[in-house]
Amino acid sequence: MPRYAQLVIGPAGSGKSTYCSTMVQHLQTLNRSVQVVNLDPAAEHFDYPVMADIRELIQVDDVMEDTSLRFGPNGGLVFCMEYFANNFDWLGESLGHVEDDYILFDCPGQIELYTHLPVMKQLVEQLQQWEFRVCGVFLVDSQFMVESFKFISGVMVALSAMVSLEIPQINIMTKMDLLSPKAKKEIEKYLDPDMYAMMEDNSDNIRSKKFKNLTKAICGLIDDYSMVRFLPFDRTDEEGINIVLQNIDFSIQYGEDLEFKEPKEVDEEPANSNYDSFFQDKVDSRGLE
């Protein structure tokens, strides 16, 4: 029997832990089994129990305090993740092997982990060897996406993660519940955007002809191939959360032996919640050897 995994990724502050918290609560109301694994060695607080916590293996603070390494926060995080990649057996032992496992992996926010470092790709390949069907869940803060050029930037980052990880990916705009009514109305056009129209609306703001042509080419690529579409996530909207979950389940064919329905069309905005925990960090002494 296959096992199922959501790889929850996205920039720092995009609401990954909040998403995990909301999704756990939602799945529990559906009487579905779900577990969370924390893969952020710099995490401080989250309010859900985890079946495995990378901080038991290694954590950023210990790496930064090691005088022989002299890493800052970003270098320390990369070191931790590369150490983790060399110790996947720890994760395998923590996960065990239960049929129909459904696990959310709460990942770090440093974008270089998904763009030009191999760590997350190696994790995906390892999970697939363990018979997991993996879906990337890429989160972007909706408050960042309310302007067209910021939206295009967010789309490019999402595309970069898709190309790097080579797995089905659901892209989500989080924190919709924090937007003003006016901003919610404005952001609707970004959920299923007409990139050419967006380009025309903002062409006067681009002074350089070269950049105008580049932006037009990017918009054409996105629009012509329907490569990126975002779902809204509002943690107060149960129906919206369910739409997000249906899209994810459909991408990994969760419960394919059951009668499975295709996900609903998005009429409304889905949800997002807050996650903070009280686990104390312990690092295996092997972590810095």
Q: Provide the three semi-axes, in whole Å and in decreasing order, of the ellipsoid equivalent to region 112-160 as defined by the square roots of 5 times the Cα gyration tensor eigenvalues.
A: 28, 12, 7
Q: Quick one, can you get me the convex hull of the C-alpha atoms of region 117-226 expressed as volume per residue in Å³?
A: 122 Å³
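Charges only on Cβ, +1 for Lys and Arg, -1 for Asp and Glu: so what's the dipole of region 1-112 about the Cα centre, in debye to the nearest 20? Let's see the in-between values first.
Numbers: 5 positive and 17 negative charges, 80 e Å.
Here region 1-112 has a charge dipole of around 380 debye.
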**Q.** For region 1-112, alpha-carbon Rg and Dmax in angstrom
**A.** 14.8, 50
Q: Would you mind checking Lys184/Lys210; Lys150/Lys209; Lys175/Lys209; Lys121/Lys189; Lys16/Lys121; Lys16/Lys150 for any pair whose Cα atoms are more than 28 angstrom apart?
A: Lys184/Lys210; Lys175/Lys209; Lys121/Lys189
Q.
How much length would be gained if the chain were fully extended between Lys185 and Gln28, taking 0.36 nm per residue of separation minus their Cα-Cα distance, in nm to one decimal?
A. 53.4 nm
Q | Integer Hz, Karplus 6.51/-1.76/1.60 couplings in order for region 155-172, x for Gly and Pro | A | 5, 5, 5, 4, 4, 4, 5, 4, 5, 5, 8, 6, 9, x, 9, 9, 9, 10
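We did not get these values from a lab; they are worked out from the coordinates using the rules stated. Quick caveat: nothing in here was measured; it's all calculated off a predicted structure. We place every Cβ from the backbone using ideal geometry, glycine too, and count neighbours over all the protein chains shown.
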